[in-house]
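The values are calculated or read from the model by the stated rules, or taken from the named source; none is laboratory data. Just so we're clear, the structure is a prediction, and the values are computed from it rather than from any experiment. Using ideal geometry, Cβ is built from the backbone for each residue, glycine included, and neighbour counts are taken over all protein chains shown. Remember, those area values only see protein heavy atoms, side chains included, never the ligands or the DNA or RNA. Shrake-Rupley method; radii C 1.70, N 1.55, O 1.52, S 1.80 Å.
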Number of protein chains: 2
Amino acid sequence: MTSSTRKLNLNIGTNTTGYLPNAWKYRTGSRHDIYDPDYYRRLTELAHRGLFDAVFFSDHPALMTDPNGRPFHTIDPLILCTTLAAQVPDIGFVATMSSTYNSPYNLARRTQSTDIVSGGRLIVNIVSSFNPGVAANFGSAPLPPRSERYAKASEFLDVAKKLWSSWDPAREGDIQEGRFWDSTSAHTIDHAGEYFTVKGPLNVPRGPQGHPVIAQAGASEGGIDLAARHGEIIYCNILSRPAGQAFGRKVRDRAAAFGRDPSGIRIVPGLVFIIGENREEALRKHELYSGTGSEDGLLARFVKEYDLDPSTFDPDAILDAERFIPDPNRLQAVGMGLGLSDLLAHERLTARQAIRRSEGHHRLVLGTPEEVADAIIDLWSDGTVDGYTLQPPRAPDDIREFVEKVVPILQDRGVYRTRYEEKTVRDRYGLPYPA
Amino acid sequence: MTSSTRKLNLNIGTNTTGYLPNAWKYRTGSRHDIYDPDYYRRLTELAHRGLFDAVFFSDHPALMTDPNGRPFHTIDPLILCTTLAAQVPDIGFVATMSSTYNSPYNLARRTQSTDIVSGGRLIVNIVSSFNPGVAANFGSAPLPPRSERYAKASEFLDVAKKLWSSWDPAREGDIQEGRFWDSTSAHTIDHAGEYFTVKGPLNVPRGPQGHPVIAQAGASEGGIDLAARHGEIIYCNILSRPAGQAFGRKVRDRAAAFGRDPSGIRIVPGLVFIIGENREEALRKHELYSGTGSEDGLLARFVKEYDLDPSTFDPDAILDAERFIPDPNRLQAVGMGLGLSDLLAHERLTARQAIRRSEGHHRLVLGTPEEVADAIIDLWSDGTVDGYTLQPPRAPDDIREFVEKVVPILQDRGVYRTRYEEKTVRDRYGLPYPA
């Protein structure tokens, strides 16, 4: 792509009621929306009006039954994407699924099927799962250790790629008299690895994108390895330009070290936006939607989250980056926890400033529609990021607000599409087709 | 249901090009139809015109690469049903899936999801898989023995049923101030059985049918046990009235022995139909579509299939039922092989007659549209069967022919619906809702 045609890529996440756990109190709609397919259709139509690249569905195959929370994943993401693709044109879909709790044959088949029926609009977000509540739904074995989960995920994608290309009707020669097909267009893959033994071929042919675009999240070392080997769209948390540039270099250098052309990688980190008439209003919304109620509430949450000593905590003292590096052995996703320490390594910030820079570990952008648009363009314009995976606090409200107020500004600035042109998500992202 | 309102239930199978392996030579369309979603949409619209209860997709998760055959399953059935349900109203869908090569949590979640997005139109056909080519796509272990596969399938459905009812928003009480939901509407299932350990709850709530309707195929002893425990719609092969009545009694008696109300069972065996201007034309079509070319060809296939001695074979001698009882230890589905021996146990038939009574182990009905309609009504009118799963030799041609020529006769006779009334497949079959 030449720089003159380079366009900002934007995915939009929805979860059930939006991304911020407490923001549902301020959203439009019924709480029964979360398992109403028509609600997701309306969200997707709204996203289509916003000309987004794709609707992103994160996932855990488990119901969170904390009475104070809300179920934030219910309908199976691939089923949901499949029905939505039949109802809403153009827009792509990111479906999250676990490489720990699926078999490669079934997953490769289902995703290739959805890619075919959607006309090349599927992005598969492979996660290795980190939640013991998920493990308990799939047998008596505990969650495998992180290193094993990543190794397994990598082999899983090796197998999936072999399967996705194992039957290609375009390879057919002349069809012999009396035969339906040239069966040499399909071949076994005979994969026998450390974790998987799969004969193949897949019984679904190569699809319109060659195979679904592969998204990959996670910024731990294992996650970066996986992204470098297989990721085409990298979902991550980038809180500043220097941290983002360092991350991008790391992933691309490692891809090159693995013998992969790094030009086939797009970085679209999460971004939480809160739009106000002015910055003050956005700050107040942040306090409400985060459930903390005030700036002091945000600071108290910060103290608690990072296990700081409240008696010595000074919200206006410069924070020490070292103090915020997460334990690499912790159960939760490690990579996401790196955002703050990476930010503090490059910028001198107080806690009062830091609490306004991220939400749920992702970059937070607060302000007027112009300020939000500027902040989005900022890290995109020099290639630090290729775009963003937007994380609206409330669905549908903040999606609508972004579509109506921010999208026109991005279009006016000439950085964002004014209509869908390319047919597949792969083309829309300018990603190469698999061989 | 009173007898005055009792209606014939009809599902329509499609496979890729229809049911008979050689009939594709005489079908309309391109061989690329088989992985074209638009083709399946057209078939489903045609089926909708025919007011069928459901479109039936059989399945093997493996590509048959015999150069003389044709791939008869490709796109994942549940994905296909999900996209078709978004495009075609009213009609139900039977999606086949394996209890041997899926996890109960994922399968329960996906199917409940499709049932919700389709508005209660999903029937899940659980099979235990019998093909070593399938096993090789899921690891290095050989196919488990049949007894284990059936025991596992039965526990699989126990788990699925627990999961399907583990979260029911209708159980919600008053929602406390500041809370999104009443999380006591969901409960863990804590299943720890011989094959599965699953905590739950499912993160998809109870759907419009309570849970998807459960179809079950197979007439071996293990298959009948499974049908009696879990089957709501029984797909089987019934070649004659006495055999059908014996089968129905067996399944219903066993259900009662398991403490289940047998009134929640519907028997809809496979039926291959071949329509001609007259019987002679239908016979010739049978010879063509079966790939045998002539009556002698059909007889030669019969000799080969049952490993008879060609030197002593007399096509006009009465066949001995005992000779045709399949080996219960054979690899292939046992139940389907019982059709012929059951038929011969009740009717004195020569090979020349027997070859016209079944095709692919299923009841074959040959003749004019009136003759086909009469044959369908015959076993339905006294309750031997509740309807049929039609197996057209060619798709789309024979589906169209049935819809245009046979459906109006069935309607004229007052045995078949003239429009869709009930919303869910469960209601359309008059099946009880799970508690």
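Whether a residue is facing another protein chain (nearest Cβ under 9 Å) and either more than 16 Å from the chain's Cα centre (by Cα) or at positive phi (or both) was assessed, and A:P89 does not pass this test. In region A:379-435, what residues are farther than 24 Å from A:G207 by Cα and aromatic (F, W, Y)? Correct list: A:W380, A:Y388, A:F402, A:Y416. Of the residues A:S129, A:S140, the single one that is over 21 Å from A:I91 (Cβ atoms) and within 8 Å of chain B (Cβ to nearest Cβ) is A:S140. Tell me whether region B:315-323 contains one or more residues that are part of a helix (DSSP H, G or I) and at pLDDT 95 or above. No, because not a single residue in region B:315-323 is part of a helix (DSSP H, G or I) and at pLDDT 95 or above.
Is it the case, given these coordinates, that B:H48 is more than 12 Å from chain A (Cβ to nearest Cβ), of a type outside the set (V, I, T) and free of Cβ contacts under 8 Å to residues at least 60 places away in the same chain? The answer is yes for B:H48.
Just one of the listed residues (A:T65, A:T100) is closer than 30 Å to B:A141 by Cβ and either open to solvent by 10 Å² or more (accessible area, probe 1.4 Å) or modelled with pLDDT under 95 (or both), and it is A:T100. Of all residues in region A:13-41, those that are buried (at least 17 other Cβ atoms within 10 Å of the Cβ) and within 16 Å of A:P89 (Cα to Cα) total 2. Across region A:284-305, the number of residues qualifying as in contact with a Leu (Cβ under 8 Å, 6 or more places away or on another chain) and in a loop (DSSP other than H, G, I, E, B) comes to 3. For A:V213, the conditions (1) more than 30 Å from B:P142 (Cβ to Cβ); (2) modelled with pLDDT under 95 all hold with the exception of (2).
Of all residues in region A:409-432, those satisfying the criterion of being among the basic types (K, R) and in contact with a helix residue (DSSP H, G or I) (Cβ under 9 Å, 6 or more places away or on another chain) are A:R413, A:R417. Filtered by the rule that a residue be over 13 Å from B:G50 (Cα atoms) and without any contact (Cβ under 8 Å) to a residue 40 or more places away in the chain, region B:396-423 gives B:D412, B:G414, B:E421, B:E422.
Looking only at residues that are at the interface with another protein chain (Cβ under 8 Å from one of its Cβ atoms) and assigned to a loop (DSSP other than H, G, I, E, B) in region A:189-199, which one is least open to solvent (accessible area, probe 1.4 Å)? Looking at the filtered set, the residue picked out is A:F196. Considering A:V272, A:V365, A:V372, the condition of being among the β-branched types (V, I, T) and assigned to a helix (DSSP H, G or I) is satisfied by A:V372 alone. May I ask you to list the residues in region B:158-185 that are more than 9 Å from chain A (Cβ to nearest Cβ), surrounded by fewer than 21 Cβ atoms within 10 Å (Cβ to Cβ) and aliphatic (A, V, I, L, M)? B:A170, the sole residue that qualifies.
Take A:L202 and decide whether it is open to solvent by less than 10 Å² (accessible area, probe 1.4 Å) and within 14 Å of chain B (Cβ to nearest Cβ). Taking the combined requirement at face value, the residue satisfies it. Residue selection: B:D53 satisfies the criterion of being buried (at least 22 other Cβ atoms within 10 Å of the Cβ), more than 9 Å from every other protein chain (Cβ to nearest Cβ) and within 19 Å of the chain's Cα centre (by Cα). Here B:L340 clears all of (1) in a loop (DSSP other than H, G, I, E, B); (2) at pLDDT below 95 except the condition numbered (1). Can B:A219 be described as crowded, with 20+ Cβ neighbours inside 10 Å and within 26 Å of A:A62 (Cβ to Cβ)? So B:A219 does not fit the description; no. Going by the conditions given, is A:L10 within 21 Å of the chain's Cα centre (by Cα), among the hydrophobic types (A, V, I, L, M, F, W, C) and open to solvent by 10 Å² or more (accessible area, probe 1.4 Å)? The answer is no for A:L10. Is it fair to say A:S140 is open to solvent by 30 Å² or more (accessible area, probe 1.4 Å) and among the polar types (S, T, N, Q)? The answer is yes for A:S140. Condition check for B:D398 on (1) within 17 Å of B:G29 (Cβ to Cβ); (2) in a loop (DSSP other than H, G, I, E, B): one failure, at (2). Of all residues in region B:110-137, those satisfying the criterion of being more than 19 Å from B:Q216 (Cβ to Cβ), of a type outside the set (V, I, T) and buried (at least 24 other Cβ atoms within 10 Å of the Cβ) are B:S113, B:S118, B:N137.
Here is the figure for region B:384-395: residues that are part of a strand (DSSP E or B) and touching a helix residue (DSSP H, G or I) at 6+ places or on another chain (Cβ under 9 Å) total 3. Criterion applied to B:L298, B:L288 was being touching a residue at least 12 places away in the same chain (Cβ under 8 Å) and open to solvent by less than 20 Å² (accessible area, probe 1.4 Å), and the one residue passing it is B:L298.
Residues in region B:60-75 that are touching a residue at least 40 places away in the same chain (Cβ under 8 Å) and facing another protein chain (nearest Cβ under 9 Å): B:H60, B:P61, B:A62, B:M64, B:G69, B:R70, B:P71, B:H73, B:T74, B:I75. Filtering region B:84-97 to residues that are in contact with an Asp or Glu (Cβ under 6 Å, 6 or more places away or on another chain) and surrounded by 24 or more Cβ atoms within 10 Å (Cβ to Cβ) leaves only B:G92. Cβ contacts < 6 Å: first residue part of a helix (DSSP H, G or I), restricted to region B:221-245; second residue aromatic (F, W, Y), any location; separation 6+ or different chain. Result? Within 6 Å, the pairs are B:G222/B:Y150; B:L226/B:Y150; B:A228/B:F258; B:R229/B:F258.
In region B:301-315, of all residues being over 30 Å from B:R394 (Cα atoms) and touching a helix residue (DSSP H, G or I) at 6+ places or on another chain (Cβ under 9 Å), the one that is surrounded by the most Cβ atoms within 10 Å (Cβ to Cβ) corresponds to B:F313.
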